[in-house]
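Accompanying notes for the structure given below.
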Amino acid sequence: MSMILFACVVRVRDGLPLSASTDFYHTQDFLVCRRQLKTLALRLAQYPGRGSAEGCDFNIHFSSLRDVACMAICSRQCPAAMAFCFLETVWWEFTASYDTTCIGLASRPYAFLEFDSTIQKVKWHFNHVSYVQMESSLEKIQEELEFQPPVVLTLEDTDVANGIMNGHTQIHLEPAPNFRMEPVTALGVLSLILNIMCAALNLIRGIHLAEHSLQVAHEEIGNILAFLIPFVACIFQCYLYLFYSPARTRKVVLLLLFICLGNVYLHGLRNVWQILFHIGVASLSSHQILTRQLQEKQCDCGV
């Protein structure tokens, strides 16, 4: 019985079959293995240069380099070194016959149909030549495999990866997290308006100070940052109130701290009442963010 049963050349980036040997086997197990080979061909870019997918009756071996990969279906008795030596020979023959431009421009399956006869000849040679005649080549490949073992898969892995299990697609559905917030309250709307107003005041004062500072001193840079950092913090407070975000409490405390420190630093450019106003608005916004909870998910009884 032949050890190498089927071989093909595919393009790595999309799994497009470029050429293949003639298929003389029509058993159910072999046809299933052919289907699994096609599935694996679509995923070759995820794997290193050499690999094997092991099944009960057949093994799939593949060897890829640059944009071309060679794949083969072999019997379980076929040594891995022999399979990879065969694939390497086919790869050299194919790349010597076609340049990378032709390979990259191929748009239909089996565009290099004339190469099928070459695959058949190489396959016949490996199936009928004695081990002694190939001993030197096989020893070299065996050393390479020991130094860098091929990735090992199972044919069942290729089915699961393609969403197929015994001809059926298994779909695991998990309930999506419900991140709908409770309705916005009137006090919440007021906090948003006041927060936007504070953010605008901070932005205007910060830009105005930066534009009129011909020679920016160290203190003036600090003042500009003391305006712009609370501006950003106010915007983030608005976001946290409107949309759900994990670790809200820590974020709210951090933003409130930035606003308070920025306004304290601006003492002298702002009077006490202005500072208290900004801190008061930030505190109100923080309270509204923390009190607005996620809406409880309704039971989908009719589904």
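So here's what we get for this one:
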read-out: Condition met for Val68 (of a type in the set (Val, Ile, Thr) and within 17 Å of Phe112 (Cα to Cα)); value: yes
read-out: Candidate set: region 118-139, residues that are part of a helix (DSSP H, G or I) and hydrophobic (A, V, I, L, M, F, W, C); chosen: the one nearest to the chain's Cα centre (by Cα); value: Ile119
read-out: Among the residues listed as Arg43, Arg108, the single one being open to solvent by 60 Å² or more (accessible area, probe 1.4 Å) and either touching a Gly at 6+ places or on another chain (Cβ under 7 Å) or modelled with pLDDT of 85 or more (or both); value: Arg108
read-out: Selection from region 264-294 of residues that are crowded, with 17+ Cβ neighbours inside 10 Å and in a loop (DSSP other than H, G, I, E, B); value: Leu266, Arg292
read-out: Number of the exception - Ile221 against (1) open to solvent by 70 Å² or more (accessible area, probe 1.4 Å); (2) among the aliphatic types (A, V, I, L, M); (3) modelled with pLDDT of 85 or more; value: (3)
read-out: Qualifying residue in region 141-156 (condition: modelled with pLDDT under 75 and over 24 Å from Arg50 (Cα atoms)); value: no
read-out: Evaluation of Gly15 against (1) out of contact with any Cys (no Cβ under 7 Å at 6 or more places or on another chain); (2) at pLDDT below 85; (3) open to solvent by less than 20 Å² (accessible area, probe 1.4 Å) (one fails), failing number; value: (2)
read-out: Some residue of region 26-39 being crowded, with 17+ Cβ neighbours inside 10 Å and acidic (Asp, Glu); value: no
read-out: Criterion violated by Leu261 - all others in (1) under 21 Å from Ala200 (Cβ atoms); (2) modelled with pLDDT of 75 or more; (3) over 42 Å from the mean Cα position of the chain (by Cα); (4) surrounded by fewer than 17 Cβ atoms within 10 Å (Cβ to Cβ) satisfied; value: (3)
read-out: Set Leu173, Leu203: member being in the same structural domain as Tyr241 (by the TED database) and either under 30 Å from Tyr265 (Cα atoms) or modelled with pLDDT under 85 (or both); value: Leu203
read-out: Residue in region 72-91 that is in contact with a Gly (Cβ under 9 Å, 6 or more places away or on another chain), crowded, with 19+ Cβ neighbours inside 10 Å and assigned by the TED database to the domain that holds Glu146 present; value: no
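The values are calculated or read from the model by the stated rules, or taken from the named source; none is laboratory data. Bear in mind the structure is a predicted one, so any value in this text is a computation, not a measurement. Backbone-built Cβ (ideal geometry, glycine too); neighbour counts: all protein chains shown. In case anyone asks, the SASA skips ligands and DNA or RNA and just uses the protein heavy atoms, side chains included. Shrake-Rupley method; radii C 1.70, N 1.55, O 1.52, S 1.80 Å.
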